[in-house]
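Below is one structure; the comments refer to it alone.
The values are calculated or read from the model by the stated rules, or taken from the named source; none is laboratory data. Here the structure is a predicted model, which is why all the values come from computation and not from measurement. Note that each Cβ is placed from the backbone with ideal geometry, even for glycine, and that neighbours are counted across all protein chains shown. Side chains are part of the model used for accessible areas, which takes the heavy atoms of the whole protein and leaves out ligands, DNA and RNA. Shrake-Rupley method; radii C 1.70, N 1.55, O 1.52, S 1.80 Å.
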Amino acid sequence: MHLKMVDLSKLEQESIYIPFSGLDHEKQAAKQGDKAYAAYTSLMYRKHKVWIQPFMDLDLSTNQHPVYFHTSHYMPYFRNKGYNIETVFGIELLEHLRQVTEETYVVISVKDDGSQQITGSTQAQLNELGIKMINNSHLRHSYIWVAKKTGNENYEVIYENCSTEDLIWEGELGGIELTVKSGGAVASNISSIMYGNKEQSLNQRGFNMFTFNSEDRTSTKTISFDTFATLYAQGSLFKAVPECNKDSYDPFSLIGRAGGRIDGVDYTNCQEALDESYYSRGHRVFEIDFELTLDDELVARYSWEPFVYDLLKQNPPEGIEDGAALTREQFLNLKILNKYTPLTISDLFKFMADHPDAYVVTDTRYTDPERINKQFIRMVECAAPYGYHLLFRVIPQIYTEEMYQCIEKIFPFPRYVYTLYKTQATDQEVCEFVKENQLAFVALYPERFNLEFITKLGQSGADLLIHTINDIQDIQSYLRSGVKGFYTDQITASEIDKEKYGAQIEMKLRESIISQLLEAHFFLSEDEIIAVIEGLEYAEMIEITQQLFEPDTFEYVLSFLKRVLGNHITPVEKSINQALT
């Protein structure tokens, strides 16, 4: 059977797609560490917002996104983790057998186990077609069925047998010699269908099926059904949805700056700060400062300047000039705050490998191409032992358009943060650059925040991040303005979840107020009301709900709505004018 990759544009954004591959193939690909393939899947994500990922790299316990896959062998793993599985499209066994044309021979050879799904009505319908000896009471048995389609749903059974031993059938069909072998899991665990001198069995678990027409020998078809797990053929598309999918926490709501605060100190970038932010604050995204050592190792440190030594309670080695880089060994020998562990890029990747839901946002600060190249080449090199797919959870923070071009030549990361404190680009230029290069995030200080910019960014496809916020009260208004997430030293995931939930409830309440007014007084239809509300920002919601009940004339209402709703006024104006006349 011909297998092809699904159209990713038809899948939900942020879902995961596991392409056709066996476990052995996946292990081999991971062992080889194919950077080119990782780059390809990264670019595909940027195009379709769908992750292409091997099953072996997927952590089913922490994943929050729908997973699309073809290989039915994965089903038990998904079910054991509480996923709900549905078939998106595919060929069903009974449907396939009924669609076989008359005078066509059908050969079935079972490998491993083909009986688990042969139950109830399925078993009864297969019995009517002539498949009678196999059902779920014959687990792991060998099974062979050879038949000829003679009518609409009628088969002439030539041979059928089911056994715990290996089975073999030899004969001649349509003038061609045929040899069929079946070994269940309790026997040789093999399937073979030799038609002439050519093997036709896919040798997969379950029903391996070969069909050919005695009059048209070129009309042959090979297919397999993993009837241990499903009644749908190889090549079908399945979808597994985690139970937490609908109400899952957005990891980018909070970004722990420099790993997060520890002992009241910021910018430590140490192992213990990461642990505290991950386990106590619930952070999953960490901004990490990076510097190069004298021997070109990439390490987690804000700067080599004297004030950082003072902040971290460190004494630089003797003979080190102010601002001069240390060697890797010197860096690792200096404890942070006299007790905490400094980190290299490899240490960070180990942390990410041990925590599959953790992300790193880079803060490399420099914009000169030579230093950028050194930093990111070293970063990509150090990812190799863990598999280049680990780079999918690294989000480079860029400061200029030129920096983006430099990094892209090294590795096309799936997502970038364009932080604006070093650029002179206007809001419009930022939006154009973001849209052209499909950047995921834009980060800015509160001083540059404005609602018009937020709206334009949303149209460009980027989410907005604000840095650095440590007061939950400051977050409230930003959330209601459409801000995606916040850099922070100390705010916890539970705190921001509470604020997000409150903002959602408030928004729904205001929508309800506006909807009821438009329906009760202006007789708008449900579709017209939706058209009005969908175009409103939160600030507009507040303005409308505060003022909409105050006026007592239609003329005032119309004037007010025109000012607030702009282009969305048409259905409202129509109803008001009808009321006035």
- Tell me, please, whether a residue that is touching a Phe, Trp or Tyr at 6+ places or on another chain (Cβ under 7 Å), part of a loop (DSSP other than H, G, I, E, B) and over 21 Å from P316 (Cβ atoms) can be found in segment 271-283. no
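Can you report the number of residues in segment 341-393 which are in a helix (DSSP H, G or I) and either among the acidic types (D, E) or touching a Cys at 6+ places or on another chain (Cβ under 7 Å) (or both)?
Kept after step one, since they are in a helix (DSSP H, G or I), are these residues of segment 341-393: 345-354, 369-386, 388-393.
Now drop any that are not either among the acidic types (D, E) or touching a Cys at 6+ places or on another chain (Cβ under 7 Å) (or both), which leaves 345-347, 349, 354, 369-370, 372-373, 381.
So the count comes out to 10.
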- How many of the residues making up segment 481-491 are surrounded by fewer than 20 Cβ atoms within 10 Å (Cβ to Cβ) and among the basic types (K, R)? 0
- Task: Find all pairs meeting these conditions: Cβ atoms under 9 angstrom apart; at least six residues apart or on different chains; first residue within segment 460-478 and open to solvent by less than 50 Å² (accessible area, probe 1.4 Å); second residue of a type in the set (G, A, S) and in a loop (DSSP other than H, G, I, E, B).
- Result: A462/A440; L464/S481; L464/G482
- Task: Might you check whether a residue that is among the hydroxyl-bearing types (S, T, Y), over 26 Å from P306 (Cα atoms) and surrounded by fewer than 20 Cβ atoms within 10 Å (Cβ to Cβ) occurs anywhere in segment 342-353?
- Result: no
- Query: How many residues are buried (at least 23 other Cβ atoms within 10 Å of the Cβ) and either part of a helix (DSSP H, G or I) or within 40 Å of the chain's Cα centre (by Cα) (or both) if we restrict to segment 119-142?
  - Reply: 3
- Message: What pairs come out if I take residues in segment 241-257 that are over 18 Å from V67 (Cβ atoms) and at pLDDT below 85 and pair them with residues that are of a type in the set (A, V, I, L, M) and open to solvent by 30 Å² or more (accessible area, probe 1.4 Å) whose C-beta lies under 8 Å away, six or more apart or interchain?
- Response: none
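Please work out if L561 is farther than 24 Å from L457 by Cα, open to solvent by less than 80 Å² (accessible area, probe 1.4 Å), more than 34 Å from the chain's Cα centre (by Cα) and modelled with pLDDT of 75 or more.
Details: farther than 24 Å from L457 by Cα: yes; open to solvent by less than 80 Å² (accessible area, probe 1.4 Å): yes; more than 34 Å from the chain's Cα centre (by Cα): yes; modelled with pLDDT of 75 or more: no.
Judged against the criteria, L561 is not a match.
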- Pair list, Cβ under 8 Å, 6 or more apart: segment 503-520 residue open to solvent by 30 Å² or more (accessible area, probe 1.4 Å), other residue polar (S, T, N, Q) and in a helix (DSSP H, G or I): R510/T545; I513/T545
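Residue check: is G206 at pLDDT 95 or above, at positive phi and buried (at least 18 other Cβ atoms within 10 Å of the Cβ)? Break it down into steps so the answer makes sense when it comes.
Working: at pLDDT 95 or above: yes; at positive phi: yes; buried (at least 18 other Cβ atoms within 10 Å of the Cβ): yes.
Spelling it out, G206 is indeed at pLDDT 95 or above, at positive phi and buried (at least 18 other Cβ atoms within 10 Å of the Cβ).
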- Message: I'm trying to understand the selection: among the residues of segment 248-270, which are open to solvent by less than 10 Å² (accessible area, probe 1.4 Å) and outside any strand (DSSP E or B)?
- Response: S253, A258, G259, G260, T268, N269, C270
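Going by the conditions given, is L298 touching a residue at least 40 places away in the same chain (Cβ under 8 Å) and among the aliphatic types (A, V, I, L, M)? Can you show your working first?
Details: touching a residue at least 40 places away in the same chain (Cβ under 8 Å): yes; among the aliphatic types (A, V, I, L, M): yes.
The answer is yes for L298.
Would you be able to say whether some residue in segment 61-84 is of a type in the set (V, I, T), within 21 Å of W169 (Cα to Cα) and touching a strand residue (DSSP E or B) at 6+ places or on another chain (Cβ under 9 Å)?
Within segment 61-84, the first condition is being of a type in the set (V, I, T), and the residues that meet it are 62, 67, 71.
Imposing the further condition that a residue be within 21 Å of W169 (Cα to Cα) reduces the set to none.
No, because not a single residue in segment 61-84 is of a type in the set (V, I, T), within 21 Å of W169 (Cα to Cα) and touching a strand residue (DSSP E or B) at 6+ places or on another chain (Cβ under 9 Å).
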